[in-house]
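The next block holds one structure in the form of structure tokens; read it before the comments.
Since every read-out is calculated from the coordinates, none of them should be taken as a lab result. Nothing here was measured: the structure is a model prediction, and the numbers come from that model. Glycine also receives a Cβ, built like all others from the backbone with ideal geometry; neighbour counts cover every protein chain displayed.
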Amino acid sequence: MLDVRLPIGLLFTFFGAVLALYGAVSDGTVYARSLGHNVNLWWGLVMLVFGLVFIYLARRKNRLRT
Amino acid sequence: MLRLAVIDYLLLGTYFVFVLGVGVALRRSTRSSTDFFLSGRSIPAWVAGLAFLSANLGAQEVIGMAASGAKYGIATSHFYWIGAIPAMAFVGVFMMPFYYGSRARSVPEYLRLRFDEKTRGFNAISFATMTVFSSGISMYALGLLLGAILGWSFSVSIFVSAAIVLAYIFLGGLTSAIYNEVLQFFLIVAGLTPLVFLGMQDVGGWQGLTQRLALTAQQHGFAAGAWTDSWRHMGSPASNPMGVEWFGLAMGLGFVLSFGYWTTDFLVVQRAMAADSMSAARRTPLIAAFPKMLFPILVILPGMIAIALTTSSGQTPFKLPVKADGSLNYDMSIPLMLGHYFPPGMLGLGLTALMASFMSGMAGNVTAFNTVWTYDIYQAYVNKKATDRNLLWMGRASTVFGIALSVITAYAATRFNNIMDLLQLVFAFVNAPLFATFLLGMFWKRTTGHGAFIGLVSGTLAAALHHGLTLPGTALAGIKGGWLGAVLHHYPSEMAQNFWTAIYAWTTCFVVTILVSFATTPKADAELTGLVYSLTERPREEGIVWYKRPGTLAIVAIAASVVLNAVFF
């Protein structure tokens, strides 16, 4: 059966990458409302790392099984 | 109103695709009715635990807890620290051995095994009606909310979300719901954590928040700490914004309502029944307890920040909107803060988190409904000889008509709001005494079926009677109480009245069940093995590593919750 960590990992990796990229290229003035923090970039990177760890865990378990 | 950018739609759209993808991927492993309704009893403990938490984490919970945080302050955490953790520990350590060990496929089915057919029927029918109805009500709330913050049409919001939930449950059954609940759990955490971080920075940390909320409290005529102390002002109902006193709170919420919900509601218990072993089933609520006790940070704190900012602004002005009747619209706390602090991108994530919480709540209701319908109504009364194929088919069919009925309820709610309030009230009466029945049933082997049934019915009547003879605050007789003509007692608030209604219902059910049980013949011991504490072998904990033992986890969870109560006393 599908390991639940795989879809979670994939979704977070995608969300993280999109947010971080958008944060890296977007115009800085939109971050006035987030008190000057480029939240897209920072939170995007956090989500990206989380997503990759989950993908790794899901695949490792799969490999252990086979 | 919030304006969404392309990137926000991209995130939201991707989420929908993933949710459906999980359903499609699980379709092949959903072959029998056990797969569909109980995930083939194959879910690892941590997954079941997060689903246990998430199924209860509907949008109404998230939006509503933030609203209460704004309205009542940190005392709202009582719904978590005493209103959930002890009951979750109890169900894991003491009750799960009977739920999981008896091989019952649902909570009503346990009642059938332990007591008799009529007790099961009463519970199954009221529960099935209630789940369909509550998912309709939360759909209605979602439709209104998305209309208010995004300008989406009511019908589009409802049909899109209903269709997605329908599709993934239809394909993958309970496993699909559980997997998506776990995904939704992480999304809710990811969407709300940065919001709390930004809000807290804006108000000047905990200290700044305390100072601002002292002002809020004084404006409402309370002591300065009324919004930031959880127990100190509970001595009298007049000194805290909830209008409750410590005894009603501890007994009504902490004991009757909390244990009634977390230990008997099939919506959450089903997640533990799907676990892959007895030990995993027992750990399910205990694993859920740890994130649960931290959730006030994510759902109550934003409300407290919103009211603090409304009282005295942060860097840029923020005000909760005023409703037609002049009171503040507390429900808008989280949606407005998302728009206030989040740039495009994060806003999409925040909205995805809200949609996720809505869907997890709805899926919880739908999977509980289709199981109870199929096993406890269809198989019990309609088609006793149903084959596994019939059951699987009925599971899918009932998913479709359960959701259709919810959609109809959502539309009905737009026109007949009073009927909805009335129905919710009736369900509250039916639920209030339940825990007394389970407690006696599991721990006193003398309890009989007649005792349980008559106890339940009289508990429900006691709840109705108490409600009909009392009134909260300055309310007029009617839906708020007092409808029996005479008003014997005025409660300081609706919440106090609710807590005491529950206390009366529970006590009546407890006493009547005992009395009737003494007057009727109990089942033979042999029939009760595995169903009652004194006739069931204790699950062994010796072979399990200490940090995986339910007993250890329960003690740690309760100790942690005591510490939280003490810190925010």
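Each residue, residue B:46 and residue B:144, gets one label point 7 Å from its Cα in the Cβ direction; the gap between the two is 3.9 nm. Helices meeting the span-like rule in chain B (full DSSP H runs, Cα extent of at least 20 Å along the helix axis, mean Kyte-Doolittle score of 0.5 or higher): B:6-26, B:117-150, B:154-203, B:278-299, B:346-371, B:388-415, B:417-431, B:449-469, B:494-519, B:550-567. To the nearest ten degrees, helix A:5-25 and the longest principal axis of the Cα atoms of chain A are 20 degrees apart. The gain in end-to-end length when the residue B:418 to residue B:312 segment is fully stretched comes to 34.5 nm, 0.36 nm per residue minus the alpha carbon separation. The mean number of Cβ atoms from other chains found within 10 Å of a Cβ in peptide A:9-21 is 4, as a whole number. In the protein assembly as shown, the C-alpha radius of gyration followed by the widest Cα-Cα span (Dmax) gives 24.1, 78 angstrom.
One chain, two ends: residue B:28 and residue B:223. Fully extended at 0.36 nm per residue, the span grows by 64.2 nm beyond their Cα-Cα distance.
Of the cross-linked pairs B:292/B:548; B:292/B:323; B:71/B:292, those separated by over 25 Å at the C-alpha level are B:292/B:323.
Each Cα pair under 8 Å and six or more residues apart adds its separation to the average, and for segment B:256-410 the resulting relative contact order is 15 percent. Contact order, relative form, for chain B: 27 percent (alpha carbon pairs under 8 Å, 6 or more residues apart, mean separation divided by residue count). Relative contact order for segment B:205-294: 12 percent, from Cα pairs under 8 Å spaced at least 6 residues apart, divided by residue count. In this simple spin-label model, placing a label point 7 Å from the Cα along the Cα-to-Cβ direction at both residue B:383 and residue B:489 gives a separation of 5.0 nm.
Expressed as an acute angle from 0 to 90° and rounded to the nearest 10, what is the orientation of the C-alpha long axis of helix A:39-65 relative to the principal long axis of chain A? Rounded to the nearest ten degrees, it is 0. How much of the calculated P(r) for chain B lies past 38 Å, in percent of all Cα pairs? I get 27 percent for the Cα pairs in chain B exceeding 38 Å. Between the listed residues B:395, B:49, B:185, the Cα displaced farthest toward the positive end of the dipole of the protein assembly as shown, a dipole computed from Cβ unit charges relative to the Cα centre, is found at B:395. Taking every residue in B:185-198 and counting other chain Cβ atoms within 10 Å of its Cβ, the average works out to 3.
Mean partner shielding of peptide A:29-38, defined as the number of other chain Cβ atoms within 10 Å of each residue Cβ, is 5. For segment B:481-547 versus segment B:94-162, the inter-centroid distance based on Cα atoms is 21 Å. The sum of -39500 (n - 2.57) across all DSSP H runs of n ≥ 4, divided by the residue count of chain B, sets its helix-only mean residue ellipticity at 222 nm to -22000 deg cm²/dmol. Here each label is just a point 7 Å from Cα along the line to Cβ, and for residue B:533 and residue B:163 those points are 5.1 nm apart. The trypsin sites (Lys or Arg not before Pro) of segment B:523-557 that meet both conditions, a loop assignment by DSSP and at most 16 other Cβ atoms within 10 Å of the site Cβ, are B:540.
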